[in-house]
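The values are calculated or read from the model by the stated rules, or taken from the named source; none is laboratory data. Everything quoted here is computed from the prediction, not taken from an experiment. Reconstructed Cβ throughout: ideal geometry from the backbone, glycine too, with neighbour counts over all protein chains shown.
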Amino acid sequence: MGLLLAGGRVIDPAAGMDAVRDVLVEGGRIAAVAPAIPREGHTVADVSDLVVAPGLVDLNVHLGDPGFTHREDVASGTRAAARGGITSLVCAADTSPAADHPVVVEGIAARAARDGRVRVHHIGALTKGLRGEELAPLGALAPVVCAFSDDPRPVPDASLLRKALTYARPFNRPVILRCEDASLAGRGFAHEGAMAAVLGLRGIPSLAEEVAVARDLLLAEATGVRVHLTHISTAGAVRLIREAKRRGVPVTCDVTPHHLMLTEEAVEGFRPGTRVQPPLRSAQDRDALREGLADGTIDAIASDHRPLAPEEVAVEYEAMPPGASGLETLLAAALTALVEPGIVGLPRVIACLTHVPASILDLPAGSLSPDAPADLVVIDPACEWVVDPDQFLSRGCNTPFAGMRVRGRAVAALVAGQVVACAPGFANTLSQVTGASSTTVEVRT
Ligand SMILES: [Zn+2]
């Protein structure tokens, strides 16, 4: 007996599919995607008017477990991810201790196997302790990680980064870089623009990012090693990456939903969750990011999920650590920023959230092809809702979207054919499934 998701709009960008189809899940795998699969012998869930897509792949998640479990742990973070439609997440190396040794990564993997609700992949540190002083043991890390990165820290020393790229080459893992020149960024708290001036906040100029992007592109070009520039935020960065791609530099990049949707204006009132790294930029920057995503300069969308504990955001703006809890708003914010205003179509956004990030990191995810693991998301693209951080499953309540109306929601997520999240309104549809198969349905409020 299988689970038949019947009559949904199936968007599988890896296969170039956007059509009404039935999807049959059997034995934890995609058994078939076809028009009118016979119902007999299967449990049927009617998903007409809904979208069925590969489960989302979030390549930039700061779970902070071990070391920061007052903010989030593997259990809460993966539950939040499942609710957001994310079935594979990539855990950043900024844990404590940092993921600069296989033992740390294996510890996270063990907790993910025990408590995790979605698939957890790992980034290994590029330098020991993310300190930017000496290389981490890349060879020892390579078998257990899908990329190397010091994110959220930039690598300040160009010579060390050059050496790191050279050492990383034989392992065929991309190096993920956060681009910021510390001398230009200084100790800023917001984009260097009108809003920072009004609020009396020290600014971070766009140049702080663009100087680092230019440097990192030159190093990628010189070494021939794949680099992925994460959470880029400025028009100049988009232009530099566009030019580099034309020259054939092996570079990919991602952007967060908050940089696609919001501008520096959102900082007004010192709202928690708007203190992000890089800062929310100008309207021109946001428009350039949207354009970069539309023309393919920007490859992927990632949450940069960085939850904070309530006591950490109940302080003045300059004392607040940077970060936004983003797993539960990744999909809705991306759809609201891009599909609502007609910048790109739904299939392109789904691609940026599924098979493109999967292929950047060589992850076995992001596709509904026959025999692929049945990791998928059912999306209600018309569902309007207001972001309420009190309802988050993430322990981080710091979101720049609090109180905002967004459109589009994951109503169910499956990992290896098991329902790992299900919206209350959709539970009835799947409740027939529970009685008839071994699928477990969890109803969330
Ligand atoms: Zn990040």
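Checking each residue in the stretch 214-233 for being within 16 Å of the ligand (Cβ to nearest atom) and not in a strand (DSSP E or B) picks out D216, H231, I232, S233.
In this entry, G129 passes the filter for residues that are surrounded by fewer than 24 Cβ atoms within 10 Å (Cβ to Cβ), touching a residue at least 12 places away in the same chain (Cβ under 8 Å) and either closer than 12 Å to R153 by Cα or within 16 Å of the ligand (Cβ to nearest atom) (or both).
Among the residues of the stretch 58-91, just one is within 11 Å of the chain's Cα centre (by Cα), within 15 Å of the ligand (Cβ to nearest atom) and assigned to a loop (DSSP other than H, G, I, E, B), namely H62. Annotation: G396 fulfils all but one of (1) in a loop (DSSP other than H, G, I, E, B); (2) out of contact with any Lys or Arg (no Cβ under 9 Å at 6 or more places or on another chain); the unmet one is (2). All of A81, A168 fail the test of being within 30 Å of R407 (Cβ to Cβ) and of a type in the set (A, V, I, L, M, F, W, C), apart from A81. The stretch 254-340 holds helices (runs of 4 or more DSSP H) entirely within its bounds, and those carrying 2 or more residues that are among the charged types (D, E, K, R) map to 283-294, 310-313. If you check V20, V52, V10, V44 for being modelled with pLDDT under 95, of a type in the set (A, V, I, L, M, F, W, C) and farther than 29 Å from V104 by Cβ, only one passes: V44.
Being of a type in the set (S, T, N, Q) and under 19 Å from the mean Cα position of the chain (by Cα) is the filter; apply it to the stretch 237-275 and report the residue that is farthest from V175 (Cα to Cα).
T274
Close Cβ contacts (under 7 Å, 6 or more residues apart or on different chains) running from residues in the stretch 222-233 that are within 14 Å of P357 (Cβ to Cβ) and charged (D, E, K, R) to residues that are within 16 Å of the ligand (Cβ to nearest atom) and at pLDDT below 95 are absent. If you check A358, A332 for being in contact with a Lys or Arg (Cβ under 8 Å, 6 or more places away or on another chain) and either modelled with pLDDT of 95 or more or buried (at least 17 other Cβ atoms within 10 Å of the Cβ) (or both), only one passes: A332.
Suppose the filter is basic (K, R), farther than 19 Å from A196 by Cα and modelled with pLDDT of 95 or more; does R246 pass it? Considered against the rule, which asks whether it is basic (K, R), farther than 19 Å from A196 by Cα and modelled with pLDDT of 95 or more, R246 comes out as yes. Among the residues in the stretch 263-283, are any among the small types (G, A, S), in contact with a helix residue (DSSP H, G or I) (Cβ under 8 Å, 6 or more places away or on another chain) and farther than 28 Å from E316 by Cα? The answer is no, given that none of the residues of the stretch 263-283 is among the small types (G, A, S), in contact with a helix residue (DSSP H, G or I) (Cβ under 8 Å, 6 or more places away or on another chain) and farther than 28 Å from E316 by Cα. Checked against (1) touching an Asp or Glu at 6+ places or on another chain (Cβ under 9 Å); (2) crowded, with 24+ Cβ neighbours inside 10 Å, D49 meets all criteria but (2). Scanning the stretch 314-326 finds one or more residues that are away from the ligand (no atom under 16 Å from the Cβ) and touching a strand residue (DSSP E or B) at 6+ places or on another chain (Cβ under 9 Å). Set side by side, the residues P321, P278, P272, P257 differ, and just one is touching an Asp or Glu at 6+ places or on another chain (Cβ under 7 Å), under 24 Å from N398 (Cα atoms) and buried (at least 20 other Cβ atoms within 10 Å of the Cβ), which is P278. For P66, the requirement of being in contact with a helix residue (DSSP H, G or I) (Cβ under 9 Å, 6 or more places away or on another chain), more than 26 Å from L330 (Cα to Cα) and touching a residue at least 40 places away in the same chain (Cβ under 8 Å) is not met.
Taking L338, is it touching a Lys or Arg at 6+ places or on another chain (Cβ under 7 Å) and crowded, with 18+ Cβ neighbours inside 10 Å? Spelling it out, L338 is indeed touching a Lys or Arg at 6+ places or on another chain (Cβ under 7 Å) and crowded, with 18+ Cβ neighbours inside 10 Å.
V57 fulfils the conditions (1) crowded, with 18+ Cβ neighbours inside 10 Å; (2) free of Cβ contacts under 8 Å to residues at least 24 places away in the same chain except for a single criterion, (2).
Please go through the stretch 286-302 and give me each residue that is of a type in the set (D, E, K, R) and under 22 Å from E265 (Cβ atoms), ordered by number. Answer for the stretch 286-302, where residues must be of a type in the set (D, E, K, R) and under 22 Å from E265 (Cβ atoms): R286, D287, R290, E291. The listed residues are L289, L280, L219, L229, and the only one of them that is assigned by TED's automatic domain parsing to the domain that holds G326, over 20 Å from the mean Cα position of the chain (by Cα) and among the aliphatic types (A, V, I, L, M) turns out to be L219.
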